[in-house]
Amino acid sequence: MRRPKTVAVLAAAIVAAVAGAALALLGVPVGETSPADAMPSTRPSPDGEGTAASTPPAEVDGAVTADDYCYVEAMIYYRVKEEELAQTLLRKDDIGPAAEAFAQRVLGEDVSELDGLREWYVSWASARPLEPPADGPCGGHGSDHAQMPGMPSWSAEQSLVDAQAPEAERRYAEIVRDQNAGMVALVTLILDGDPHPDVRASAEDVLEREQTDAALLAALLAP
């Protein structure tokens, strides 16, 4: 029986994924710095000093609120997790062409979206609340947004790591479907308020993309 070794490897993989998500929040390549370096306990400086941002800060047109900043930070966590799930699926053998194409599309679309979100994360840092909000769109998300609606549990992620095709495709699609539902819930709350124009445009893009994803995921989950 090789189960103890397998469990240990899986646990290590999940720990590495969590650290990778923290690094990816600022776009820092894994292995070049530590999570503590990439995610300071105090908010980053508005000019981006000490961060991995290589592009000029986005120009702020209008007032930026804590809810705007919360949206940006939450969406970074959602998209980074989405990338990790896609990469987990693509590392498996015998994945069907439809599931492979969906995961590859996710990776491609997330790159440009995350670039913009990370610019806002740095340039809008002065709007970051000192403590995780207890109410509002991001109320109850926790300090690392792990409690956001739709974020997969450790056991759900491990089930994807364990699974082989074709079961892996179904588990992947179920996790992404649930995470997309969480994103839609957040975006709806944001749009119900008075978001920054850039946030509104981004949130509307999220809804449009989710509609496309929903149809493709339904096809992957069809009997």
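Every number here is computed from the coordinates shown, using simple stated rules; none is lab data. Treat the numbers as computed from the prediction; the structure is a model and nothing was measured. Don't worry about glycine lacking a Cβ; one is built from the backbone with ideal geometry, like all the others, and counts go over all protein chains shown.
The local environment of Arg171, defined by Cβ-Cβ distances under 10 Å, has a net charge of -4 under the rule Lys, Arg +1 and Asp, Glu -1.
Spread over its residues, the convex hull of the C-alpha atoms of the range 108-221 is 119 Å³ per residue.
Placing unit charges on the Cβ atoms of the charged side chains and taking the dipole of the range 56-163 about its Cα centre, the candidate lying farthest along the positive direction among Pro133, Leu160, Ser112 is Leu160. Only Cα pairs under 8 Å and 6+ residues apart enter the sum, and on that basis the relative contact order of the range 71-162 stands at 34 percent. A protection proxy built from the mean count of other Cβ atoms within 10 Å ranks the segments 66-73, 170-177, most packed first, as 66-73, 170-177. Each residue of the range 94-106 was assigned a 3J(HN,Hα) from its phi angle through the Karplus curve 6.51 cos²θ - 1.76 cosθ + 1.60 (θ = phi - 60°); the sequence is 6, 6, x, x, 5, 5, 5, 5, 5, 5, 5, 5, 4 Hz, with glycine and proline shown as x.
Summary of the geometry: the range 161-205 and the range 75-123, compared by the centres of their Cα atoms, lie 12 Å apart.
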